[in-house]
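The values are calculated or read from the model by the stated rules, or taken from the named source; none is laboratory data. Worth saying up front: this structure is predicted, and the values here are computed from it rather than measured. What goes into the accessible areas is simple: the full protein's heavy atoms, side chains included, and nothing from ligands, DNA or RNA. Shrake-Rupley method; radii C 1.70, N 1.55, O 1.52, S 1.80 Å.
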Amino acid sequence: MWPRFTIGMLLWMFVSQSWTSSAEAQNQLVELVEAVQVNEQEAEGDPPKTPAVLKSYVNAEISFIKRVCDLSDEQLEMVVESAEQAFEEMNDLVAPQNQVIRVAQVHYRGVNGVSFKGDPVKRVRQDAEEYLPLILTEAQHQKYTRESSQRQRAEQEAAADCLVHLVHSKVFLRERQRKKLRDVFLEEWESLDINWVWNYLNNPQFVPIIPSGLLRETLTTEQKAAWSSFQQVSMSVMVSGSQISLDEDWLQ
């Protein structure tokens, strides 16, 4: 097993090289650190349990499925059972406490210092896509796929619109620039999260770290310089479930 001081040394290397190394080299170093973290976590004991807060997101997806697909009582019972099993297997989303965050990567965290390796909401929906074909009729599944796709598009458009507004509020974009930047965000930033963008709208003293390639072809030299002058901070998305209000909770 790697000695414990190895992670500290690798982190020091990451910081010391961040000004001179390519993004690819930095990501390779991050992957090495993560591999060491996983090995240490496995050696320390049992894997973590899925945080209870994620039940809110599972229940929200069950509500969406029930409403869209007009489930029978038997189907609803099968969906709940499948969703509960998938919830228990979501413990692989829990990240080591000293997780290294990649540049411009959206980071998700929960209560009590819990960090996640990815987007829990996206994971819940991916799990549903796996178990639903075994439960739904073909017509029901087609409707779920269609409605789910429309939901995702609406969320992405809202995130892109909010982010364009945020950039515009700092550097003043012309109308054609706003349209072009919106298209770029929608087409090239798949992980753009509306809750992440909302953090910055509520904290205007900071601006998000946007991959430079997404701004390069749209902003002028003066606008890029102005954007760079603001304090760019990578804020986490808080996964609390507090914004979800349901009449029924299938997973208690």
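Summary of values
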{"read-out": "T221, T50, T145, ranked by accessible area, largest first (probe 1.4 Å)", "value": "T221, T145, T50"}
{"read-out": "Surface accessible to a 1.4 Å probe, D183 within the full protein complex, Å²", "value": "50"}
{"read-out": "All lysines inside 25 Å of K179 as judged from Cα atoms, apart from same-chain residues fewer than 8 positions distant", "value": "K170, K224"}
{"read-out": "Residue-level accessible surface for I194, protein heavy atoms, 1.4 Å, Å²", "value": "50"}
{"read-out": "Under 30 Å from the Cα of K55 - lysines, other chains or at least 8 residues apart", "value": "K66, K117, K122, K143"}
